[in-house]
Amino acid sequence: SHGQMNEFTIAELVKQTGIPAATIHYYENEGLIAAVGQKGSQRLFNLQVVEQLLLIRLSKQLGLGLSEMQNLMDRRQVVDQAKLEQRACDIDEQIQQLDILRQCLRHIIQCEDEHVLSCPTFQQLLKSVAFDVPKKNHHC
């Protein structure tokens, strides 16, 4: 039985997930997702694939392996909580740095000082800008 409602072409997957078609094709070639059927020349995917694609995207954004992510979702394995906590800490630091960058920009736009560089508030902000936004191995 083909429940048309729960089957998606690649174009519909793109619409559902915002993930580019080329990327979806790549994941299919890599065996990360699989079609459940065919409609003419178009492969059809089920709702689980939408979930899988969103999970793949989350894994990539978090810098976790997909299998690791799947284990987390299924509660299958003992989770390395320290690693996850560390990742959350890294994200906190990135948020802090992005916040400082935003403040710098807003200050440049709004500063009353004739020379922004001589503004004490801006000087403070400048000192807070990290050379590199930490991605890994920084401790909270």
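Values for this structure:
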{"item": "Some residue of region 68-76 being surrounded by 15 or more Cβ atoms within 10 Å (Cβ to Cβ), modelled with pLDDT of 90 or more and either within 30 Å of Gly31 (Cβ to Cβ) or in contact with a helix residue (DSSP H, G or I) (Cβ under 8 Å, 6 or more places away or on another chain) (or both)", "result": "no"}
{"item": "Residues that are hydrophobic (A, V, I, L, M, F, W, C), touching a residue at least 24 places away in the same chain (Cβ under 8 Å) and part of a helix (DSSP H, G or I), drawn from region 12-32", "result": "Leu13, Ile24"}
{"item": "Matching residues, region 49-59, being within 11 Å of Leu32 (Cβ to Cβ) and open to solvent by 20 Å² or more (accessible area, probe 1.4 Å)", "result": "Gln52, Leu55"}
{"item": "Residue check, Gln103 touching a residue at least 40 places away in the same chain (Cβ under 8 Å), more than 23 Å from Glu7 (Cβ to Cβ) and either open to solvent by 70 Å² or more (accessible area, probe 1.4 Å) or in a helix (DSSP H, G or I) (or both)", "result": "no"}
{"item": "Tally, over region 53-93, of residues that are in a helix (DSSP H, G or I) and of a type in the set (Gly, Ala, Ser)", "result": "4"}
{"item": "Scope region 77-90; condition among the β-branched types (Val, Ile, Thr) and open to solvent by less than 60 Å² (accessible area, probe 1.4 Å); matching residues", "result": "Val79"}
{"item": "Qualifying residues in region 15-32 (those that are under 24 Å from Ser67 (Cβ atoms) and small (Gly, Ala, Ser)) - the one surrounded by the fewest Cβ atoms within 10 Å (Cβ to Cβ)", "result": "Gly31"}
{"item": "Which listed residue is under 16 Å from the mean Cα position of the chain (by Cα) and at pLDDT below 95, from Leu58, Leu125", "result": "Leu58"}
{"item": "Region 106-136: number of residues that are open to solvent by less than 80 Å² (accessible area, probe 1.4 Å) and touching a residue at least 40 places away in the same chain (Cβ under 8 Å)", "result": "2"}
{"item": "Region 91-100 - residue that is surrounded by 15 or more Cβ atoms within 10 Å (Cβ to Cβ) and of a type in the set (S, T, N, Q) and, of those, farthest from Ala130 (Cα to Cα)", "result": "Gln94"}
{"item": "Residue selected from region 33-48 under the condition open to solvent by 60 Å² or more (accessible area, probe 1.4 Å) and either touching a residue at least 40 places away in the same chain (Cβ under 8 Å) or part of a loop (DSSP other than H, G, I, E, B) (or both), by the criterion nearest to Gln16 (Cα to Cα)", "result": "Leu47"}
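The values are calculated or read from the model by the stated rules, or taken from the named source; none is laboratory data. Just so it is clear, the structure is predicted and the values come from calculations on it, not from any experiment. Note that we place each Cβ from the backbone using ideal geometry, even for glycine, and neighbour counts take in every protein chain shown. In case anyone asks, the SASA skips ligands and DNA or RNA and just uses the protein heavy atoms, side chains included. Shrake-Rupley method; radii C 1.70, N 1.55, O 1.52, S 1.80 Å.
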